[in-house]
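I have placed the structure first, in the form of structure tokens, so that the comments after it can refer back to it.
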Amino acid sequence: MTTQDNQSDHPQAGTDKVFATERLPTAFAFDDQVASVFDDMINRSVPGYSTIVSMIGVLAERYCGAGSRIYDLGASLGGASFAVAHQLPHEDFQLIAIDNSEAMTSRLQTRIAATPFGDRIQCRHEDLRDSEIRDASMVILNFTLQFIDPAARVALMQKIYDGMRPGGLLVISEKIQFPDPQLNELFIDLYHRFKETQGYSKLEIAQKRAALENVLIPETLAAHRQRLTEAGFHSFDAWFQCFNFASMVAFK
Ligand code: GEK
């Protein structure tokens, strides 16, 4: 596994202090302030992030032979893209990394240029709802679908299914909800305690939670399963879960 190598490609930019001081409530956005500390923010905010990302590379190694096309939708600074590129044992792939935040894609372009993957990773600044998906061996939505308007999720997953090769692999990582209210409360509470262990203050945790309200909309695993099954995917399940975070696979 190559997480260490990946990180040496692009040293961390800064420490996440976005919500450290009291501020007026505003909706969370992937702007310049967030992009400039994003590596630190996501590593300290998503339990298991580095494991999920490096195992996405391992999944790619298993399912993406020579001639593969891979999409990383909501790629941010390319965490999953670089894990895949590093892990594949061959150079015969095209990886399309898409994000609609200019703050993210401009930094991602710079990172790609500093790696040997310039001819294989293509960064596109576009809304993934408008992106063409074609002939995909693997599609990755690593903590991205949760930011898409729920009303647009059915059409998006259908477009992805239609744009995949038979046998293709879909990986979706998300914050999730639980139908059991007691478990829901427990996992959210454990998650907040986890954030404290990562050095976030109660103020930071509360302000970020408020900023994400109505921006990050989690669903249950059952809702994901149903939508993916209706789109035509099979063999759906979660391969990773920690508190209210999960990563799922499904196949065309
Ligand atoms: C990683 N996958 O490090 N079109 C394109 N991009 C979008 C859209 C959209 N409609 N909506 C949101 N995004 C990454 C982490 S972060 C997850 C993904 C998080 C983008 C948004 O700009 C951001 O970069 C990304 O989705 C979500 O493996 O911060 O929790």
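Could you order Glu219, Glu126, Glu185, Glu61 so the one with the most accessible surface comes first? Probe is 1.4 Å.
The most accessible residue leads, giving Glu185, Glu61, Glu126, Glu219.
Membrane-span-like helices in the chain, defined here as complete DSSP H runs extending at least 18 Å along the helix axis by their C-alpha atoms with mean Kyte-Doolittle hydropathy no lower than -0.5, are 49-63, 150-162; this is a sequence and geometry rule, not a statement about a membrane. Surface composition of the chain: carbon plus sulfur atoms hold 51% of the accessible area, using a 1.4 angstrom probe and ignoring ligands, DNA and RNA.
For an R0 of 30 angstrom, estimate the FRET efficiency from the Cβ-Cβ distance between Ala210 and Asp149 and round to the nearest 0.05. Once rounded, the FRET efficiency stands at 0.95.
A Förster distance of 30 Å, applied to the separation of the beta-carbon atoms of Ile188 and Glu126, puts the FRET efficiency at 0.35. Charges were assigned to the Cβ only: +1 to each Lys and Arg, -1 to each Asp and Glu. The resulting dipole of the stretch 106-252 about its Cα centre is roughly 340 debye. Judged by the ratio a/c of the largest to the smallest principal axis of the C-alpha gyration tensor, the stretch 30-151 counts as rounded, that ratio being less than 1.5.
Across the stretch 102-198, C-alpha contacts under 8 Å between residues 6 or more apart give a mean separation that, scaled by the residue count, equals a relative contact order of 27 percent. Straight-line cross-link reach from Lys202 at under 18 Å between alpha-carbon atoms covers these lysines, not counting any fewer than eight positions away in the same chain: Lys17. Of the residues Ile172, Ala66, Tyr200, the one whose Cα sits farthest towards the positive end of the charge dipole of the chain is Ile172 (charges of +1 on Lys and Arg Cβ, -1 on Asp and Glu Cβ, taken about the Cα centre). With a probe of 1.4 Å, find how much accessible area the chain has per residue, and write the answer as a whole number in Å². Solvent-accessible surface per residue comes out at 45 Å². Ordered from longest to shortest, the equivalent ellipsoid semi-axes for the chain are 27, 23, 16 Å, each the square root of 5 times a Cα gyration tensor eigenvalue.
Protein-only accessible surface at a 1.4 angstrom probe places the residues Lys175, Lys17 in the order Lys17, Lys175, largest first.
Please compute the contact order of the chain in relative form: average sequence separation of alpha-carbon pairs under 8 Å and at least six residues apart, divided by the residue count, as a percent.
21
Helical content of the chain, expressed as a calculated mean residue ellipticity at 222 nm, amounts to -12500 deg cm²/dmol (DSSP H runs of 4 or more residues, -39,500 (n - 2.57) each, divided by residue number, nearest 500). Mean-square fluctuations from a GNM of the chain, with a 10 angstrom spring cutoff on Cα atoms, peak among Val34, Val18, Val139 at Val18.
Do you know the relative contact order of the stretch 49-90, to the nearest whole percent, from alpha carbon pairs under 8 angstrom that are 6+ apart?
Computed value for the stretch 49-90: 60 percent relative contact order.
Rounded to the nearest 20, the Cβ-based charge dipole of the chain about its Cα centre (Lys and Arg +1, Asp and Glu -1) stands at 280 debye.
Sorted largest first by accessible area at a 1.4 angstrom probe radius, with every protein chain in place, the residues Ser50, Ser81 fall in the order Ser50, Ser81.
The values are calculated or read from the model by the stated rules, or taken from the named source; none is laboratory data. The shown structure was predicted, so the numbers you read here are calculated from the model rather than taken from an experiment. All Cβ positions, even for glycine, are placed from backbone atoms using ideal geometry, and neighbour counts span all protein chains on display. Side chains included, ligands, DNA and RNA excluded: accessible areas come from the protein's heavy atoms. Shrake-Rupley method; radii C 1.70, N 1.55, O 1.52, S 1.80 Å.
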